[in-house]
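Written out below as structure tokens is the structure these notes cover.
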Amino acid sequence: MNHVVVVGAGLAGVRSVEALRARGFAGTITLIGEERHRPYDRPPLSKAVLLGDTDSTVVDSDLGALEVSFRPGAAAKGLRPGVVETTEGELPYDGLVIATGARPVRLLGDGPQHVLRTIDDALGLRALLVPGVKVAVVGAGWIGAEVTTAARRAGCEVTVVEAADVPLAAALGPVGAWTVPWYEQAGVDLRLGTAVASVDHGGLTLAGGTAVEADVVVTGVGVRPAVEWLAGSGIGLDDGVVTDEHLRTSLPGVVAVGDCAAWWSRRYGRHLRVEHWDNALNAPEVAVASLMGEKAVYDPVPYFWSEQFGHMVQYAGRHDGGRMVMRGDPGTDPKWGACWVDDRDRLVAVLSVDRPRDLVQGRRLIEGGRPLDVERLADPAVALRDCAA
Ligand SMILES: Cc1cc2nc3c(=O)[nH]c(=O)nc-3n(C[C@H](O)[C@H](O)[C@H](O)COP(=O)(O)OP(=O)(O)OC[C@H]3O[C@@H](n4cnc5c(N)ncnc54)[C@H](O)[C@@H]3O)c2cc1C
């Protein structure tokens with residue numbers, strides 16, 4: 001292998017370059033990214049950047065020392081065996097890392113709507129968040145909650161419109177209801193079970209025809225993998241680039257990582273695609289090992305965090321079908337959490353609100369897969385690591 005092309009210059013892309021050099025790859029590396037920026041981190045965009053605490057989140061990576069040919073502003077348009085077609089011509093490769101991430105979903109309607117994916121989005125939105133401005137946030141998911149936090153901090157009037165019956169429904173299910181008081185305490189007009197028909201000039205039109213007036217509309221209703229450029233290439237696609245447990249795609253010499261990749265998880269016996277920073281950080285190590293002919297397996301317990309309304313919310317694992325056990329009473333204790341166990345009382349997921357130790361210990365317990373004493377688990381005074389059956 002002489003030339004590796006990495007498409008997508010986000011965290012997963014730059015980590016792939018670092019992993020290649022760390023493993024002793026001495027050939028040529030080309031990193032192309034459609035944004036005209038050096039690789040940067042996205043989590044702070046909806047936190048420190050929107051709050052005005054920083055303007056830059058550039059990843060601490062020395063592209064010069066890595067001897068990578070970095071081409072900002074270049075986008076991949078197509079893929080043939082051994083060749084990436086880009087807006088700047090053809091790039092032959094003998095190893096390819098696909099790391100093109102995801103793009104936000106937009107709503108119908110011809111009114112202006114903001115999304116939050118790039119540093120340009122964040123700086124543009126921040127400039128609009130000034131006292132008295134009416135902001136409508138569509139979606140009470142992770143991004144919606146963080147944007148709402150920043151908008152209230154900036155003195156905006158905020159209405160949040162959410163189609164589900166609780167915030168964070170997709171990730172947490174009914175437990176998300178415990179975050180409703182956070183919206184109330186922050187003085188936010190939260191409208192649950194409310195669908196948006198369109199974004200119009202002057203605000204939103206709801207499904208029933210009601211108008212929600214807004215100077216600024218922010219849409220936070222999820223993302224789709226950025227894989228349109230791979231259409232017709234013959235690569236396996238199904239909600240992202242499909243990979244095996246080694247992060248190898250259906251095409252030889254091609255691996256995929258980060259938000260755009262749906263990898264086969266041994267642990268869960270199914271393909272997983274997550275939009276988590278931790279995944280973009282760690283998957284490249286395995287993908288690059290696979291590209292270099294080793295048999296590394298990627299099989300993490302997924303992990304995500306969010307900072308909203310002054311709370312650190314962390315979640316690890318997956319809880320489809322698991323039995324929920326609360327840790328603490330969110331009505332009386334600001335620090336609480338939830339655990340989910342399977343039919344053998346093994347921990348499958350943990351949620352922690354301002355209880356970071358629960359997250360660390362819970363993640364280890366999920367990895368370990370030993371049965372727990374559920375009564376102890378329900379006692380927030382007992383450390384999770386002391387809950388073994
Ligand atoms: C506002 C925000 C807040 C977040 N907060 C958290 C958080 O608190 N906790 C957490 O765990 N995760 C968080 N995330 C998710 C996390 O940032 C992502 O999982 C991570 O950025 C994924 O990295 P990636 O490199 O796979 O993709 P990306 O970061 O999306 O990078 C992909 C890059 O590829 C480029 N690209 C796309 N198509 C092409 C093409 N055809 N040719 C060339 N380049 C292309 C894109 O422009 C982009 O620069 C947040 C995300 C956002 C947007």
Where the Cα pairs of the chain fall when distances are cut into 10 Å bins, in %: 5, 22, 28, 26, 16, 3, 0
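What share of Cα pairs, in percent, lie more than 19 angstrom apart in segment 112-185?
Numbers: 893 of 2701 pairs.
For segment 112-185, the fraction of Cα-Cα distances above 19 Å is 33 percent.
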What FRET efficiency would be calculated for the residue pair SER198, ARG364, taking the C-beta separation as r and a Förster radius of 56 Å, to the nearest 0.05? 0.75
State which helices in the chain qualify, where a helix is a whole DSSP H run, it must extend 15 Å or more along its own axis by its Cα atoms, and its mean Kyte-Doolittle hydropathy must be at least -0.5. 11-22, 142-153, 277-291
Going by average Cβ density within 10 Å per residue, which order do the peptides 11-17, 198-204, 129-135 take, highest to lowest? 11-17, 198-204, 129-135
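If R0 is 45 Å, what FRET efficiency do you get for ASP238 and THR332 from their C-beta distance, rounded to 0.05?
0.50
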Here the FRET efficiency for LEU128 versus GLU375, based on Cβ atoms and R0 = 45 Å and rounded to 0.05, is 0.35
According to the Cα gyration tensor, what semi-axes, each the square root of 5 times an eigenvalue, does the equivalent ellipsoid of segment 208-311 have, listed from largest to smallest in whole Å? 32, 19, 11
Square roots of five times the Cα gyration tensor eigenvalues for segment 201-250, Å: 39, 11, 10
Determine the order of TYR183, TYR268 by accessible area, beginning with the largest, at a probe radius of 1.4 Å. TYR268, TYR183
Give me the net charge for the shell around ARG23: Cβ to Cβ below 9 angstrom, other residues only, Lys and Arg +1, Asp and Glu -1. -1
Using the alpha-carbon centroid of each, what span in Å lies between segment 328-389 and segment 202-252? 33
Distance histogram for segment 112-256 (every C-alpha pair counted, 5 angstrom bins, percent rounded to whole numbers): 2, 9, 17, 17, 15, 12, 9, 8, 7, 4, 1, 0
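Taking only DSSP H segments of four or more residues, each worth -39500 (n - 2.57), what value at 222 nm results for the chain once the sum is divided by all its residues, to the nearest 500 deg cm²/dmol?
Numbers: 8 runs with 76 residues, N = 389.
That comes out to -5500 deg cm²/dmol.
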For the chain, what is the charge dipole size about the Cα centre, in debye to the nearest 20, if Lys and Arg each add +1 at the Cβ and Asp and Glu each add -1 at the Cβ? 600
Using a Cα-Cα cut-off of under 20 Å, which aspartates and glutamates could be cross-linked to LYS335, ignoring same-chain neighbours fewer than 8 residues away? GLU146, GLU184, GLU307, ASP354, ASP358, GLU375, ASP379, ASP386
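The values are calculated or read from the model by the stated rules, or taken from the named source; none is laboratory data. Source: prediction; values computed, not measured. Counting neighbours? That spans all protein chains shown, and the Cβs are built from the backbone with ideal geometry, glycine included. Note: areas computed on protein heavy atoms with side chains; ligands, DNA, RNA excluded. Shrake-Rupley method; radii C 1.70, N 1.55, O 1.52, S 1.80 Å.
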